[in-house]
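For reference, the structure discussed in these notes is given below.
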Amino acid sequence: MIRLIATTVIELAANAIGLLIAAWLLPGFVIDVIGFIIVVALFTIAKFILGPLIFKLSFKYVRALNGGVALAITFVGLLVTTWLTSHLVITGFTTWVLSTLIVWLCGVLASIFLPLVIFKKALAERRSPRPIPPVV
């Protein structure tokens with residue numbers, strides 16, 4: 001249960017970072033300030049639900065594309081989020097491609113480095129040697 005919560009927190013933070021960076025870098029990628037939390041939540045839910053489905057379909061039908069599945073999941077997550085809410089607007093083919101790459105890359109990097117920052121204390125305790133109990 002704790003692992004699921006930790007994974008969800010990291011995924012939410014990684015997606016928030018990726019979406020913010022894409023909005024900052026791309027003029028055609030607009031997130032409404034008020035709806036930012038809604039956009040992050042919908043995008044994360046879409047990735048959680050559609051991720052396994054897209055992975056299964058790609059594994060079954062097109063094995064050569066398995067490496068690009070995460071990019072496809074990110075793209076579909078952005079697409080579903082723009083369909084379900086008016087708080088995220090993505091205009092232009094180039095913006096769609098670049099935003100998918102930026103959100104995916106930021107998500108990958110955040111999932112690598114965020115656990116080191118968020119769970120620094122837990123990781124330090126895990127790595128430190130435990131005292132050996134005295135033998136009686």
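Show the residue pairs that are 6+ apart or on different chains and have beta-carbon atoms under 6 Å apart, the first residue being within segment 3-18 and under 27 Å from LEU98 (Cβ atoms) and polar (S, T, N, Q), the second being open to solvent by less than 70 Å² (accessible area, probe 1.4 Å) and assigned to a helix (DSSP H, G or I).
ASN15/VAL40; ASN15/PHE43; ASN15/THR44
Can you pull out the residues in segment 19-51 that are outside any helix (DSSP H, G or I) and closer than 15 Å to TRP96 by Cα?
LEU26, PRO27, GLY28, PHE29, VAL30, ILE31
Can you confirm whether segment 33-40 contains a residue that is touching a strand residue (DSSP E or B) at 6+ places or on another chain (Cβ under 8 Å) and either of a type outside the set (S, T, N, Q) or open to solvent by less than 90 Å² (accessible area, probe 1.4 Å) (or both)?
yes
State the number of residues belonging to segment 19-32 that are touching a residue at least 24 places away in the same chain (Cβ under 8 Å), hydrophobic (A, V, I, L, M, F, W, C) and surrounded by fewer than 17 Cβ atoms within 10 Å (Cβ to Cβ).
Number satisfying all stated conditions: 2.
Does at least one position in segment 55-74 carry a residue that is at pLDDT 90 or above, out of contact with any Cys (no Cβ under 7 Å at 6 or more places or on another chain) and assigned to a helix (DSSP H, G or I)?
Scanning segment 55-74 turns up at least one residue that is at pLDDT 90 or above, out of contact with any Cys (no Cβ under 7 Å at 6 or more places or on another chain) and assigned to a helix (DSSP H, G or I).
Residues in segment 79-89: is at least one at pLDDT 90 or above, open to solvent by less than 30 Å² (accessible area, probe 1.4 Å) and within 25 Å of ILE118 (Cα to Cα)?
No.
Just give me the residues in segment 22-54 being at pLDDT 90 or above and of a type in the set (Phe, Trp, Tyr), in sequence order.
Matches in segment 22-54: TRP24, PHE29, PHE36, PHE43.
Out of the residues in segment 79-116 that are out of contact with any Asp or Glu (no Cβ under 9 Å at 6 or more places or on another chain) and outside any helix (DSSP H, G or I), which is nearest to ILE49 (Cα to Cα)?
ILE90
The values are calculated or read from the model by the stated rules, or taken from the named source; none is laboratory data. Bear in mind the structure is a predicted one, so any value in this text is a computation, not a measurement. Note that each Cβ is placed from the backbone with ideal geometry, even for glycine, and that neighbours are counted across all protein chains shown. Note: accessible area is taken over every heavy atom of the protein model, side chains too, but ligands, DNA and RNA are not part of it. Shrake-Rupley method; radii C 1.70, N 1.55, O 1.52, S 1.80 Å.
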